[in-house]
Amino acid sequence: MPKKPECRCEICKGSTCLNQIPLLSSLTDEEAEKISAGVSFKTFQKGEILFRAGDTANQLYIVCSGKVKLVSHTPEGREQILYILKGGDFFGAFNLLKENQFDATAEALTNSQVSMLSKSEFDRIILSHPEITLKVFEKAYERIRKLETLIERLSTSSLDARVAGLLLNMVPDFGSHTSEGILLKLTMSREDMGSYSGIARETMSRKLHLFDELGYIHLKSARQILIKDLEALRAILNEG
C-alpha cells in the first residue's frame, strides 16, 4: 500500500490533509500522494488578506480551520460581506474554470489554516473525478441561494428585519442548542455583523440591545448571543 504523503500543516496531526477535505475525500491515498506536490499550506493571521478582487485566479483555496470572509465593496467604499467560510469550505473553483480574476476579496476572519491547490492539479482532478465536479456545482448552487437570501435581506427597508435575518442566518454556522435557547458563539465583531447586514456598526449595536430589552435575545458577551425567541425573530423577518 502506498505511503500516505507527509502532512505539512499543523492541524492534521500527521494524517493526510487532502483526504480530510470533503471536496477531495474521494481521492485514494495514491492519488492524494500524486497531487500533494501541487498543494501548499499556509496559516493566515486574523485580518490578513488571502487575495484581493482583481487578482488572477490561479489556485483553489480550501479552509482547513478557522473562518474566512469573502467581501466586496460598494461604489461608496463600504464593505459588504458576501460569505463566511469555515473548515471544509472551498472557494475559487469557478474562477479557475473560467480562467479569470477573483471578483471578491478574501480576508481571514480568525487565524485560519488554508490549503491551496494549483490550477494544473485542480484541472487534472476534475477531469478524472466527475464526483468532485458535482460537489463544486452543488456548492455553487448553495452559495447562489445564500446570496439570494442576502440580497433579499438587504433590499428590505426594515433595519429590524435585517438584524433578525442575520441572527437567523448565523444559526447553522455559529449556533448550538442549550436549555436556554440557541447560543451563537461568534467570531464576528459588531462591525462585521453590520457589514454583513448593510448597516452601520452603531445601528447594529443599538438594534441588538433593543432585541435584548424585548426578550428576543440575550447579549451574554461581545461574542456570545443567546437567541431566546426564535419565532419572534422569524416574525420580524417575515414582516420585512
Given (1) surrounded by fewer than 19 Cβ atoms within 10 Å (Cβ to Cβ); (2) assigned by TED's automatic domain parsing to the domain that holds Glu31; (3) touching a residue at least 40 places away in the same chain (Cβ under 8 Å); (4) of a type in the set (A, V, I, L, M, F, W, C), number of the condition Ile144 does not satisfy: (3)
Scanning segment 151-168 for residues that are modelled with pLDDT under 90 and more than 18 Å from Arg201 (Cβ to Cβ), which turns out surrounded by the most Cβ atoms within 10 Å (Cβ to Cβ)? Thr156
With the structure loaded, tell me whether Asn95 is modelled with pLDDT under 90, assigned to a helix (DSSP H, G or I) and in contact with an Asp or Glu (Cβ under 9 Å, 6 or more places away or on another chain) or whether it fails that test. yes
Unmet criterion (only one of (1) out of contact with any strand residue (DSSP E or B) (no Cβ under 7 Å at 6 or more places or on another chain); (2) free of Cβ contacts under 8 Å to residues at least 40 places away in the same chain; (3) surrounded by 14 or more Cβ atoms within 10 Å (Cβ to Cβ)) for Leu134: (3)
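In the list Arg206, Arg234, Arg201, which residue meets the criterion of being assigned by TED's automatic domain parsing to the domain that holds Leu168, within 24 Å of Glu152 (Cβ to Cβ), of a type in the set (Lys, Arg) and in contact (Cβ under 8 Å) with a residue 60 or more places away in the chain? Show your work before the answer.
Working: Arg206 fails: in contact (Cβ under 8 Å) with a residue 60 or more places away in the chain; Arg201 fails: in contact (Cβ under 8 Å) with a residue 60 or more places away in the chain.
Exactly one residue qualifies, and that residue is Arg234.
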Quick check: is even one residue across segment 196-219 in a strand (DSSP E or B), in contact with a His (Cβ under 8 Å, 6 or more places away or on another chain) and farther than 21 Å from Val68 by Cα? yes
Does Gly194 satisfy the criteria of being modelled with pLDDT under 95, small (Gly, Ala, Ser) and not assigned by TED's automatic domain parsing to the domain that holds Asn111? yes
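The values are calculated or read from the model by the stated rules, or taken from the named source; none is laboratory data. The shown structure was predicted, so the numbers you read here are calculated from the model rather than taken from an experiment. Because the Cβ atoms are built from the backbone with ideal geometry, glycine has one as well, and the counts that use them run over all protein chains shown.
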